[in-house]
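The block underneath contains the structure these notes are about, expressed in structure tokens.
The values are calculated or read from the model by the stated rules, or taken from the named source; none is laboratory data. If you're wondering where the values come from, they're calculated on a predicted model, not measured in any experiment. Because the Cβ atoms are built from the backbone with ideal geometry, glycine has one as well, and the counts that use them run over all protein chains shown. Remember, those area values only see protein heavy atoms, side chains included, never the ligands or the DNA or RNA. Shrake-Rupley method; radii C 1.70, N 1.55, O 1.52, S 1.80 Å.
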Amino acid sequence: MKITRTMEIGVGFFVSLGLAALLMLALKVANLTSFGNSDGYRVLARFDNIGGLQERSAVKMGGVLIGRVTRIDYDSDSYRAVVEMQIDPRFREIPVDTAASIYTAGLLGEQYVNLDPGGDEEVLAEGSELEITQSAVIMERMLQEFLYSKTVKDENS
Amino acid sequence: MTDFFAAVGRRSLAIFERLGRGTLFLLQVCARLGFLFARPSLTLAQVWAVGVQSLVIIGVSGAFVGMVLGLQGYNTLVTFGTEESLGVVVAKSLCRELGPVLTALLFAGRAGSALTAEIGLMKATEQIPALEMMGVDPLRRLIVPRYVAGLISMPLLAMIFTAIGVLGGYFCGVGLLGVDEGAFWSQMQLHMALGTDIGNGVVVKSIVFGAVVTWIALFEGFDAVPTSEGVSQATTRTVVNSSLAVLALDFVLTGLMFD
Amino acid sequence: MPAQPHNLSAHDPLVTLEDVSFARGARVIFDGVNIEIPRGRITAILGPSGGGKTTLLRLIGGQLAPAKGKVNVFGHDVQALNTADLFAMRRRIGMLFQSGALLTDLDVFENVAFPLREHTRLPESMIRTIVLMKLEVVGLRNARHLYPRELSGGMARRVALARAIALDPLMVLYDEPFAGQDPISMGILVRLIKKLNEALNLTSVIVSHDVIETASIADQMYLIADGKVVESGPPAAMKSSSTPAVAQFMKGLPDGPMPFHFPGVDYLTDLVDGVSS
């Protein structure tokens, strides 16, 4: 087959279209730009129970996405789960007495770390730990407590 | 009774024999892959024939599949009140499964059968023995460029299919059905991971499918009985075997990749 | 590649088949066949259709391997050659296929230029000259921009012939060159084969079942039937041969060693049985 100019242009167009599609998928669909790996600073928090929290779960403050969970570990000394987060460098003014809790988002049941800002002047830096934490709500526990409190009420009345 | 078993045995042996010949064929082609650099214009011509000429069917199919996903996804999610997650449904299904698999099936039907027919016809009109007698290796000159073209084209086509599909779902969900635009994209971005969904899903799967479908298409053509009837049988076999192989491999890959 | 393309003296045959046997599945195609192709001559191999004549050419070209016996081409055992040497040997042989076998996506000029482009690094101007010369020999120089689908059968064969001699081979193999041709094309091909053999000092092997045309130019003929060489010799001797099989074939007699009636039940018995049952 003779290689015509049309063919060369066509193949070039085809390849660039393919790469453009890949780029579109990477950027728009998976949001590649949002967090480059080495951007941002690391923050720790320990919880008794992280529930269904996973790596790459969101970290939100006031409902706004400010970071992601990068690592989940278990500390066998203090018997607590250690959650490592990466906070976007744009948010540098988070007080050290900020409270971290694990909430559930929407009906799909995705869990995320919610930060309620404190009032301290000192702000979080690389490697800081959030002292005030609240574990995830575990359905079974709630049910247990509810039944227990109900039983107590019945006994007392 | 013994006749039945004898027939089954013969059939199985025939299948093994074909598989063995096909594997030998693939190994011989891989050994000659360096030819790609000796005559790159041949491969370029094949990328045009195999890839560019499939763009229309891939693009149109991608758009329709994406739109149907948008429709069906909406219909299902709205009963749970979670239609905001439409973006996730569309993107995940396309990237992980529908993109690479449907592209591979369409590719097998359009480009694969064309390859088989072309090579088979060259065999039937004695062009391949002619090349051999002229001291030209038909595997190098005919098969390698076409195989490389298939390997390159499949992933590109799959990415185009997936991207257009997502846009189709967007058009349907947000444009026609009124799903919130912000929610569509942000929910999607929240739940899609570059490495697994796109990397493993679209890219890796489509490369594997491309390698297998193009191999089957070229082997069936090269091995065809050199008559017009033989060529048409070979073409049918290409489409059937490629489709089965793609679906089976998809199951295996999905199991391996998305645990 | 061995230093010389062949290690033969001037009088040795270019190709020999020594006691060659070949079978396809259960069917025996050749059973102990001995053939010598002398240099510089036109040798014809005749036989009934399906008698394995194309297989013979494939054995010479090394595309098939004999079950028994040796095929020597240019002084070397074809089966003993490695791939590179085999391809080098094939470059010294031109082959004309029954259907021409031109590459359908190239035009006439490119088809004839194909072996030159593949195997030489000649500059474009030289390639053009050679292609035009070869096309002139077969009378199709001005058809060089046509595509194979636009050519008649006879013209396609002539282009294929030009392609076969593009690299100035030592030997040309013709696979049923006269099959299905009109008288004019036939005449052209017959003359071309003879002319080329003399002008280019070629060795030609014609495989055919067209007795008259072949006998008019062959120097030597072999008749193959039932997997064996029935007889060989110059055309005149073959035509006047007293062997029944040879006589039937050379004269085109309907009945002889190859029977007219398909073997089976006797005629009268068949009819009578039909009436009484």
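When A:SER57, A:SER149, A:SER78 are checked against the criterion of being among the hydroxyl-bearing types (Ser, Thr, Tyr) and surrounded by 11 or more Cβ atoms within 10 Å (Cβ to Cβ), A:SER57 stands alone in meeting it.
For (1) within 13 Å of chain A (Cβ to nearest Cβ); (2) of a type outside the set (A, V, I, L, M, F, W, C), each residue gets a yes or a no:
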site	(1), (2)
B:MET1	no, no
B:GLY34	no, yes
B:ARG39	yes, yes
B:LEU44	yes, no
B:GLY59	yes, yes
B:PHE64	no, no
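So, in segment B:51-60, how many residues would count as being in a helix (DSSP H, G or I) and either surrounded by 20 or more Cβ atoms within 10 Å (Cβ to Cβ) or free of Cβ contacts under 8 Å to residues at least 12 places away in the same chain (or both)?
5
Among the residues of segment C:152-163, are any among the polar types (S, T, N, Q), within 13 Å of chain B (Cβ to nearest Cβ) and in a loop (DSSP other than H, G, I, E, B)? Within segment C:152-163, not a single residue is among the polar types (S, T, N, Q), within 13 Å of chain B (Cβ to nearest Cβ) and in a loop (DSSP other than H, G, I, E, B). Among helices (runs of 4 or more DSSP H) entirely within segment C:184-258, having at least 1 residues that are in contact with a Phe, Trp or Tyr (Cβ under 8 Å, 6 or more places away or on another chain) and closer than 26 Å to C:PHE30 by Cα singles out C:211-217. If only residues of segment B:79-88 that are open to solvent by 60 Å² or more (accessible area, probe 1.4 Å) and over 10 Å from B:GLY173 (Cα atoms) are counted, the one that is modelled with the lowest pLDDT is B:PHE80. Just one of the listed residues (C:ARG90, C:ARG41) is under 26 Å from C:GLY252 (Cβ atoms) and either in contact with a His (Cβ under 6 Å, 6 or more places away or on another chain) or not β-branched (Val, Ile, Thr) (or both), namely C:ARG41.
Consider segment C:118-159 and keep the residues that are of a type in the set (Ser, Thr, Tyr) and within 21 Å of B:GLU126 (Cα to Cα). The one that is least open to solvent (accessible area, probe 1.4 Å) is C:SER152.
Exactly one residue among A:ILE132, A:ILE102, A:ILE94 is within 19 Å of B:LEU190 (Cα to Cα) and hydrophobic (A, V, I, L, M, F, W, C), and that residue is A:ILE102. Taking segment A:44-157 and the strands (runs of 3 or more DSSP E) fully enclosed by it, the elements with 2 or more residues that are among the acidic types (Asp, Glu) and in contact (Cβ under 8 Å) with a residue 12 or more places away in the chain are at A:110-116.
Here segment B:128-160 is the region considered, the condition is being facing chain A (nearest Cβ under 8 Å) and open to solvent by less than 10 Å² (accessible area, probe 1.4 Å), and the residue that is nearest to B:PHE37 (Cα to Cα) is B:SER153. Taking the numbered list (1) assigned to a helix (DSSP H, G or I); (2) of a type outside the set (Ser, Thr, Tyr); (3) within 14 Å of chain A (Cβ to nearest Cβ) in turn, B:GLY81 passes all entries but (1). B:MET192 satisfies every condition listed in (1) surrounded by 20 or more Cβ atoms within 10 Å (Cβ to Cβ); (2) touching a Leu at 6+ places or on another chain (Cβ under 8 Å) except (2). If I filter segment C:96-114 for residues that are acidic (Asp, Glu), within 8 Å of chain B (Cβ to nearest Cβ) and surrounded by fewer than 19 Cβ atoms within 10 Å (Cβ to Cβ), do I get at least one hit? No; the residues of segment C:96-114 include none that is acidic (Asp, Glu), within 8 Å of chain B (Cβ to nearest Cβ) and surrounded by fewer than 19 Cβ atoms within 10 Å (Cβ to Cβ).
If only residues of segment B:11-50 that are open to solvent by 40 Å² or more (accessible area, probe 1.4 Å) and of a type in the set (Phe, Trp, Tyr) are counted, the one that is farthest from B:PRO138 (Cα to Cα) is B:PHE16. With respect to the stated conditions, B:GLY199 fails to be crowded, with 24+ Cβ neighbours inside 10 Å, within 11 Å of chain A (Cβ to nearest Cβ) and not hydrophobic (A, V, I, L, M, F, W, C). In this structure, B:VAL68 qualifies as part of a helix (DSSP H, G or I), β-branched (Val, Ile, Thr) and surrounded by fewer than 17 Cβ atoms within 10 Å (Cβ to Cβ).
Of all residues in segment B:202-247, those satisfying the criterion of being open to solvent by 60 Å² or more (accessible area, probe 1.4 Å) and more than 21 Å from B:CYS30 (Cβ to Cβ) are B:VAL225, B:PRO226, B:THR227, B:SER228, B:GLU229, B:SER232, B:GLN233, B:THR236, B:ARG237, B:VAL240, B:LEU244, B:LEU247. Is it the case that C:GLN79 is free of Cβ contacts under 8 Å to residues at least 24 places away in the same chain and assigned to a loop (DSSP other than H, G, I, E, B)? The answer is no for C:GLN79. Checking each residue in segment B:162-189 for being touching a Leu at 6+ places or on another chain (Cβ under 8 Å) and either facing chain A (nearest Cβ under 8 Å) or not in a helix (DSSP H, G or I) (or both) picks out B:THR162, B:ALA163, B:VAL166, B:LEU177, B:VAL179. If the condition is being open to solvent by less than 40 Å² (accessible area, probe 1.4 Å) and either at the interface with chain B (Cβ under 10 Å from one of its Cβ atoms) or at pLDDT below 80 (or both), then segment A:35-51 contributes A:GLY36, A:GLY40.
Number of residues in segment C:73-92 that are closer than 17 Å to C:LEU56 by Cα and within 7 Å of chain B (Cβ to nearest Cβ): the value is 1.
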